[in-house]
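Here is the structure we will look at.
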Amino acid sequence: MLAFAIRRVLISIPILIVSTFIVFLLVSLSGDPLSNLKTKQPRPPESTIRNAEHRLRLDQPLLERYWHWITGVVHGNFGPSVAGGGTLDIGTEIGHRALVTLRLVFFAMVLAAVIAIIVGVISATKQYTKTDYSFTFTGFLFLAMPTFWFAILLKEGAIWSNKHFGTKFKTLGENSPTISPGLGAHLFDDFNHLILPTITLALISYASWSRFNRASMIEALSSDYIRLARAKGISPTRVLIRHALRTALIPFVTVTALDIGAILGGAIITEYIYQWRGMGDFLLADGLNLNDPYVVLAWLLVSGAAIIVFNLIADILYGVLDPRIRYE
Amino acid sequence: MSRSSRGTGTHLVEPETSRQGDGAAPRSAPDTIDPREPVGSVEARSPWRMAARRFRKHKMAMISLVVLIMVVLLAFVGGAMWHYKYNVWTNDLSAKPGWKHPFGTDSTGFDTFSEVLRGTQRSLEIATFVSVSSTIVGTIYGAISGYAGGVVDSIMMRVVDLFLTFPIIAIAAVLTHNIGPKANGWFWISMVLAALTWPYVGRVVRGNALAIREKEYIEAAHALGASKTRVVFRHVVPNVISVVIVIFTILVATSILAETALSFVGFGVAAPDTSLGLLVSQAQTAVETRPWLFYFPGLFIIMIALTANFIGDGLRDALDPTASKGRT
């Protein structure tokens with residue numbers, strides 16, 4: 001198992017390096033990170049521009065720049081940043097933002113998986129009833145719902161509810177700038193801010209997952225060992241949970257873990273609307289709008305690593321849940 | 001995509017009997033399968049006709065097909081006939097929906113109905129371009145990869161992995177940010193999205209092609225001296241068509257959601273042109289004061305994506321009779 005995990009990670013690393021190289025070329029060849037500085041009025045002195053060019057390694061050939069970057073990353077240095085004249089340390093910043101985004105992604109995935117399992121089991125046991133059809137339709141509806149539209153709707157709904165019912169939904173940011181000290185207050189504040197974005201991100205992912213779980217539940221429920229379990233007189237609930245659901249969850253876990261890429265994409269949109277200072281905001285605002293190749297690369301590296309880890313977890317869980325699978 | 005990627009190999013299509021226009025009803029085939037149909041009047045039915053019959057039995061898919069055709073007609077024919085233009089302002093500022101302006105107007109006096117129609121045109125054009133081109137590229141790529149097998153297959157699939165590692169929306173933002181504004185906006189956005197979505201098609205088709213290459217008719221073709229190119233295009237590709245058609249419809253939904261999300265965060269279609277995502281983005285601060293600006297473009301996105309998904313669902317049932325009805 002350990003050997004398998006190590007081999008999987010080793011295979012993924014070249015893929016990650018190749019993709020960072022491609023993105024590095026793309027970002028470096030097109031946008032000019034100094035376009036803001038150069039178009040400034042009155043125009044800054046030539047020496048300032050040359051200093052900035054030197055600082056951002058723009059005076060070096062492309063391949064050398066990439067080599068500098070990748071050897072820097074090994075030592076924990078993510079390269080010079082454009083923002084704030086280089087005062088921003090990309091490594092620290094992305095570490096901080098990755099935690100913010102990971103918090104959202106984790107809770108959203110758990111919530112989506114729980115809803116999907118419940119909906120899938122109910123749909124499968126009540127196949128072709130009104131309940132099943134309405135769950136199916138709801139699933140399709142969320143599958144077709146643009147994340148940003150639903151997020152705005154939810155946010156506006158929360159604001160309306162705050163105004164009319166005195167509820168205290170937090171609609172902006174990942175935490176409040178001013179809170180009373182103490183770990184409890186901090187956690188409570190973080191949790192409050194998490195509610196709406198988590199619901200947004202979870203409802204978008206749950207749709208396809210519940211369809212998937214329904215299908216694998218139906219497949220499991222129609223198999224012979226379920227008939228045998230029922231014939232032995234095991235209670236229906238136990239058959240459903242211990243025998244059918246356990247089998248159905250094997251492919252389900254893989255699918256949820258493999259969906260991490262799509263969820264990270266959804267998180268970009270969710271963060272954008274709830275104005276979280278997470279990874280998505282880092283990519284769009286600091287990376288793309290400022291033409292900062294090193295920020296884009298750092299984003300890519302961190303999300304790529306997250307995706308590789310999730311794929312690995314999926315594979316390992318597959319082995320844990322399904323005793324027939326053995327890794328050599 | 002997780003749903004479509006589970007497609008199984010079905011080989012109900014014989015190349016010589018393939019009839020693309022199965023939308024037109026066969027002359028004497030009744031709309032529903034009638035069990036009391038006289039046994040004597042057996043009519044030769046091609047697989048495509050049988051699929052068309054099964055599709056017509058799928059109520060949601062038929063309703064969706066009608067709705068989608070109506071949306072397309074409204075956008076292209078209605079958009080050309082409507083007396084207000086999306087880029088010419090009227091004298092009615094912030095008008096509520098009424099007879100003169102069915103979807104109201106915004107604060108500068110633009111007629112929302114014409115804007116939504118124009119946005120729908122753009123979004124449909126992009127979605128069609130993306131789905132057609134990425135389906136063609138992905139099908140050929142996947143067919144070659146699966147048919148070749150061995151080292152060629154491994155290398156081709158690692159390339160696909162490279163594409164599938166990262167969230168489409170993030171990479172698309174990076175790419176359109178670099179090339180978007182320079183040229184004809186919507187064409188480049190389509191190219192970028194197509195470049196990022198074809199690997200999904202490729203992976204599914206490759207899985208089916210792997211099964212097909214072991215079939216007797218492939219061996220027969222080899223024995224008859226058919227070249228590899230001929231085998232791929234005349235034997236492998238026609239036999240994966242049923243799976244490809246289903247992926248195509250789901251891609252329409254996926255790409256319209258991707259394009260609108262991209263335009264929403266400001267890396268897609270940009271003013272003076274408009275798209276459904278851009279319209280929602282412009283209306284996000286006006287949800288409470290001028291809700292019509294926000295709801296109508298959103299509803300159009302949902303309508304297109306929802307109907308495309310339902311049509312895909314119907315086609316899956318129609319083209320893949322071996323699949324149990326329980327499968328999504």
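The values are calculated or read from the model by the stated rules, or taken from the named source; none is laboratory data. All values derive from a computational prediction rather than experimental measurement. Positions of Cβ are generated from backbone atoms using ideal geometry, with glycine treated the same way; all protein chains shown enter the neighbour counts.
When the range A:213-229 is filtered for residues that are of a type outside the set (D, E, K, R) and buried (at least 23 other Cβ atoms within 10 Å of the Cβ), the ones remaining, listed by number, are A:Asn213, A:Ala215, A:Ser216, A:Met217. Of all residues in the range A:284-318, those that are at the interface with another protein chain (Cβ under 10 Å from one of its Cβ atoms), touching a Ser or Thr at 6+ places or on another chain (Cβ under 8 Å) and not in a helix (DSSP H, G or I) total 1. For the range B:260-281, the tally of residues that are outside any loop (DSSP other than H, G, I, E, B) and farther than 19 Å from A:Ala285 by Cβ stands at 4. One residue is enough: does the range A:91-113 have a residue meeting the conditions out of contact with any strand residue (DSSP E or B) (no Cβ under 9 Å at 6 or more places or on another chain), of a type in the set (Gly, Ala, Ser) and not in a helix (DSSP H, G or I)? Within the range A:91-113, none of the residues are out of contact with any strand residue (DSSP E or B) (no Cβ under 9 Å at 6 or more places or on another chain), of a type in the set (Gly, Ala, Ser) and not in a helix (DSSP H, G or I).
Looking at A:Ile122, A:Ile117, just one residue is away from chain B (no Cβ under 14 Å), under 15 Å from A:Trp209 (Cβ atoms) and in contact (Cβ under 8 Å) with a residue 60 or more places away in the chain, and that residue is A:Ile117. On the stretch given as the range A:144-159, residues that are facing chain B (nearest Cβ under 7 Å) and assigned to a helix (DSSP H, G or I) total 6. Kindly evaluate B:Leu164 against the criterion of being of a type in the set (A, V, I, L, M, F, W, C), closer than 26 Å to A:Pro14 by Cβ and modelled with pLDDT under 80. Yes, satisfied. Within the range A:229-254, residues that are touching a residue at least 40 places away in the same chain (Cβ under 8 Å) reach no partner that is loosely packed, with under 12 Cβ neighbours inside 10 Å and assigned to a helix (DSSP H, G or I) with beta carbons closer than 7 Å at six or more positions or on different chains. Considering the range A:248-262, the residues that are part of a helix (DSSP H, G or I) and at the interface with chain B (Cβ under 8 Å from one of its Cβ atoms) include one that is modelled with the lowest pLDDT, namely A:Leu258. Highlighted here are the helices (runs of 4 or more DSSP H) found entirely within the range B:156-228 that include at least 1 residues which are within 24 Å of the chain's Cα centre (by Cα) and away from every other protein chain (no Cβ under 14 Å): B:185-212. Selection within the range B:75-100: residues that are assigned to a helix (DSSP H, G or I) and surrounded by 18 or more Cβ atoms within 10 Å (Cβ to Cβ). The member of this set that is modelled with the highest pLDDT is B:Ala75. When B:Gly202, B:Gly207, B:Gly149, B:Gly185 are checked against the criterion of being surrounded by 23 or more Cβ atoms within 10 Å (Cβ to Cβ) and not hydroxyl-bearing (Ser, Thr, Tyr), a single residue qualifies: B:Gly202.
Out of the residues in the range B:125-140 that are crowded, with 22+ Cβ neighbours inside 10 Å and not small (Gly, Ala, Ser), state the one that is farthest from B:Ala261 (Cα to Cα). Only one residue fits best here, namely B:Thr139. Restricting to the range B:247-306, name every residue that is more than 22 Å from B:Leu196 (Cα to Cα), at the interface with chain A (Cβ under 9 Å from one of its Cβ atoms), touching a residue at least 40 places away in the same chain (Cβ under 8 Å) and touching a Gly at 6+ places or on another chain (Cβ under 9 Å). Within the range B:247-306, B:Ala283, B:Pro297 meet the criteria. Counting only helices (runs of 4 or more DSSP H) that sit completely within the range A:1-87, those holding 2 or more residues that are among the aromatic types (Phe, Trp, Tyr) correspond to A:2-30, A:62-74. Condition (residue is surrounded by 15 or more Cβ atoms within 10 Å (Cβ to Cβ), at pLDDT 80 or above, within 26 Å of the chain's Cα centre (by Cα) and not charged (D, E, K, R)) applied to the range A:45-67: is it met by at least one residue? Checking the range A:45-67: not a single residue is surrounded by 15 or more Cβ atoms within 10 Å (Cβ to Cβ), at pLDDT 80 or above, within 26 Å of the chain's Cα centre (by Cα) and not charged (D, E, K, R).
Taken together, the residues in the range A:160-175 that are without any contact (Cβ under 8 Å) to a residue 60 or more places away in the chain and loosely packed, with under 15 Cβ neighbours inside 10 Å amount to 9.
Quick check: anything in the range A:178-201 in a helix (DSSP H, G or I) and within 14 Å of another protein chain (Cβ to nearest Cβ)? For the range A:178-201, residues in a helix (DSSP H, G or I) and within 14 Å of another protein chain (Cβ to nearest Cβ): present. Against the condition more than 18 Å from B:Phe187 (Cβ to Cβ) and touching a residue at least 12 places away in the same chain (Cβ under 8 Å), how does B:Ser133 come out, does it pass? No.
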